[in-house]
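*Asks:* Supplied in structure tokens, the structure appears directly below.
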Amino acid sequence: MCDGDYCPAERSAPRGKSNDYFTAPLGSLSSGHLLFVSGASNVTIHADPSMEDLYRASFEGQVPIVRVKAGTVSIMYTRFPRFGQRDFWLERPAEVALNTSVTWHIEVRGSISRLTADLRELRLGSINLAGGASRIEVRLPRPSGTVSVHILGGASNVTIHRPDGVAARVHAGGGATHLTFDEKHFGVIGGDVNLRGPDYDDAANRYFFEVMGGANNLIIDAR
């Protein structure tokens, strides 16, 4: 049964068992939206050129609610606190593979920590992390047009690599400490900071990074 046209994704194993995975057919879609509804932790995202489905997601232990509608893959964790411990949903590893033939928009609503994303073979439309981000490492693909990466709510220990030779601009609001942009390193910055590569204004394909709410130990470089 579907709820508001969101339908449960296809799964490979009975609910509650380890090594569950979810898929959905690609069909005629030209774009996809990967959405973590209530934050996430311990997540790996990568592109899979050999995959015929829209996506494939696997989880260990208890699994989140996964639904798909019109190319939007919605993943929602429910929290089950244990007395005297952190919510154990934070410790559940998740791995998501994305089809490389469509353009993807990746969004997290709520804080995210321990995210590793290798997107170098992906067609990327945007990244939006709303609620804060910590312990993040992302490898970006070559952009088509201006691709935006937004981190709202602050960032800590975040490293983002873009391909060598790709132009970029960085706007960090709310003050920043230990910010590195390519060859430039800043210890403490009060207020907003706007940085751009010398070729950004003339580049047709480029990245715009926006970090609001402050940043600590943020690295954005090319390699």
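Computed from the coordinates by the stated procedures, all read-outs in this text should not be read as laboratory data. Only a predicted model underlies this, so the values are computations on that prediction, with no experimental measurement involved. Please note: Cβ atoms are built from the backbone with ideal geometry, for glycine as well, and neighbour counts cover all protein chains shown.
*Asks:* Quick query: amide H of SER156 versus all other amide H atoms, modeled in the peptide plane; which residues come in under 5 Å with a sequence gap of 5 or more or a different chain?
*Replies:* ALA133, SER134, ARG135, ASN216
*Asks:* Excluding ILE219 itself, calculate the net charge of residues whose Cβ lies under 12 Å from the Cβ of ILE219, where each Lys or Arg counts +1 and each Asp or Glu counts -1. Show your work: numbers first, answer last.
*Replies:* Values: positive: ARG162, LYS184, ARG223; negative: GLU137, ASP182, GLU183, ASP221.
Residues near ILE219 contribute -1 overall.
*Asks:* Once the other residues with Cβ under 13 Å from the Cβ of PRO198 are scored (Lys, Arg +1; Asp, Glu -1), what is the net sum? Intermediate values should be presented prior to the final figure.
*Replies:* Values: positive: ARG169, LYS184, ARG196, ARG206; negative: ASP182, GLU183, ASP199, ASP201, ASP202.
That works out to -1.
*Asks:* Quick one: net charge around PRO141, please, counting Lys, Arg +1 and Asp, Glu -1 for every other residue with C-beta under 10 Å from its C-beta.
*Replies:* With Lys, Arg at +1 and Asp, Glu at -1, the net is +3.
*Asks:* Rg and Dmax of region 98-154 over Cα atoms: what are they, in angstrom?
*Replies:* Values for region 98-154 (Cα only, Rg and Dmax): 11.3, 32 Å.
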